[in-house]
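In what follows, a single structure is set out as structure tokens and then discussed.
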Amino acid sequence: MVDARTSLRLIGYWWSPEAPEWPRPNDWVDPDWIPEERDLLAAYLESGQRMPYATAGFSQCRICDKPNGSLEFTDGVFLWPQGLAHYVREHSVRLPDEIVKRAQLWAEPMNWEVDVTWWREQKAHGDQPHGSVGQG
Ligand SMILES: [Zn+2]
């Protein structure tokens, strides 16, 4: 098996009596946060790739007690629980600038260079190149 382990940085876990080592989301609430930046980050967090494993169960919002997802997502660098977007969008929980920056880079079309050639050159599985069948 190929060793392709990727290390991810966990974000978005919050304080509870059972896990007092995590930060408290209420401390991170910024009511003056620019709404466009906040909504962009929420959209980014909702656009992550779902992790293939099941988590321990549904988590509950630490601020409003709403059921808040049971999945985890990644962007290849960070790993976060499904409910993190809710904290950002609904409660204006402002995450560190490094994460906001990634969302801003993602949202800027000029930052994406799209290679259209590779896909055009692909062949259906099992297709033989022309002229190779029946020769030799
Ligand atoms: Zn909530």
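Values computed for the structure shown
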quantity: Matching helices (runs of 4 or more DSSP H) fully within region 35-132 where at least 1 residues are surrounded by fewer than 17 Cβ atoms within 10 Å (Cβ to Cβ) and polar (S, T, N, Q); calculated: 97-107, 117-120
quantity: Total residues in region 1-33, condition among the charged types (D, E, K, R), surrounded by 10 or more Cβ atoms within 10 Å (Cβ to Cβ) and in a loop (DSSP other than H, G, I, E, B); calculated: 2
quantity: Subset of region 64-110 [within 16 Å of the ligand (Cβ to nearest atom) and polar (S, T, N, Q)]; calculated: Asn68, Ser70, Gln82, Ser92
quantity: Qualifying residue in region 111-122 (condition: within 21 Å of Glu46 (Cα to Cα) and away from the ligand (no atom under 16 Å from the Cβ)); calculated: yes
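Since every read-out is calculated from the coordinates, none of them should be taken as a lab result. All of these numbers come straight from a predicted model, not from anything done at the bench. Reconstructed Cβ throughout: ideal geometry from the backbone, glycine too, with neighbour counts over all protein chains shown.
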